[in-house]
1. Looking only at segment 95-125, which residues are within 13 Å of residue 155 (Cβ to Cβ), at pLDDT below 90 and part of a loop (DSSP other than H, G, I, E, B)?
2. Limited to segment 133-146, what total is found for residues that are buried (at least 18 other Cβ atoms within 10 Å of the Cβ) and modelled with pLDDT of 95 or more?
3. Suppose we filter 35, 100, 54 for residues that are more than 18 Å from the chain's Cα centre (by Cα) and either of a type outside the set (D, E, K, R) or within 30 Å of residue 134 (Cβ to Cβ) (or both); which single one remains?
4. How many residues are on the phi < 0 side of the Ramachandran plot and modelled with pLDDT of 90 or more when one looks only at segment 160-179?
5. Checking residue 177 against (1) farther than 28 Å from residue 46 by Cα; (2) under 20 Å from the mean Cα position of the chain (by Cα); (3) surrounded by fewer than 18 Cβ atoms within 10 Å (Cβ to Cβ), which test does it fail?
6. Go through segment 186-211 residue by residue and tally those that are outside any strand (DSSP E or B), closer than 17 Å to residue 29 by Cβ and over 15 Å from the mean Cα position of the chain (by Cα).
7. Taking residue 159 as the residue in question, decide whether it is polar (S, T, N, Q) and part of a loop (DSSP other than H, G, I, E, B).
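The values are calculated or read from the model by the stated rules, or taken from the named source; none is laboratory data. Bear in mind the structure is a predicted one, so any value in this text is a computation, not a measurement. Methodologically, a virtual Cβ is constructed for each residue, glycine included, from the backbone with ideal geometry; neighbour enumeration extends over all protein chains shown.
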Amino acid sequence: MSLKLTDVTLTYPDGDGRVVALDHVDLDVPAGCVTAVVGPSGSGKSSLLAVAATLVTPDSGSVVVAGTDIAGLGRGELAELRRRRIGIVFQQPNLLPSLTAVEQLQVMAVIDGRSPSGVRDRALALLDAVGLGDVADRRPHQLSGGQRQRVNIARALMNEPSVLLIDEPTSALDHERGAAIVRLITDLTRERDCATVLVTHDLTHLAGTDRVVQVRDGRVLESPSHAQHV
């Protein structure tokens, strides 16, 4: 299942007028592919991610997530769509200090109204998939920055999303750990057939992605080839 934005425009109030955050944006992200979104601060990257995550409703245009057009969906239906179909990896892991790594993932089941004990095996399997099988019982203060980000990614995959949205995953990591995180994201995208959007300022780890687009003044443009970024 893919993510598709068609002719999306988003504006915000600004004094007596409105400022354009997204300007007739088209973006099609197929399943099993990583689309990297680059651009300077204030260009519209965060707005694009918020619309794709169904956290913000655009002024016009259509957003289709895993075959579901969000037009007309109520707040409860959107929340369920996010819970079941969209995995979000925030820039900061925002892990709960009192919970172990495996419990961070099990919480996702609780949010979805399921028993945490019933999904423990899946949580452990996901931690193993991101290379953290041996630290499942450690709490955030016992993990490195790279390990916390891996827990963040595994947590986003807990409910088997069709769409994976990732915001600046390497911003707090050194070059080597950042490269490892991007490789992990691309590998998991293909293994789990997600439609992945990776928003980043870091142009040094884009070679493994399938497509690079640039956001400038609210418009999405095809970016130059990967070779010019690496």
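1. Result: 112, single match.
2. 4
3. Unique residue meeting the criteria: 100.
4. Of the residues in segment 160-179, 7 are on the phi < 0 side of the Ramachandran plot and modelled with pLDDT of 90 or more.
5. Failed condition: (1).
6. 4
7. Considered against the rule, which asks whether it is polar (S, T, N, Q) and part of a loop (DSSP other than H, G, I, E, B), residue 159 comes out as yes.
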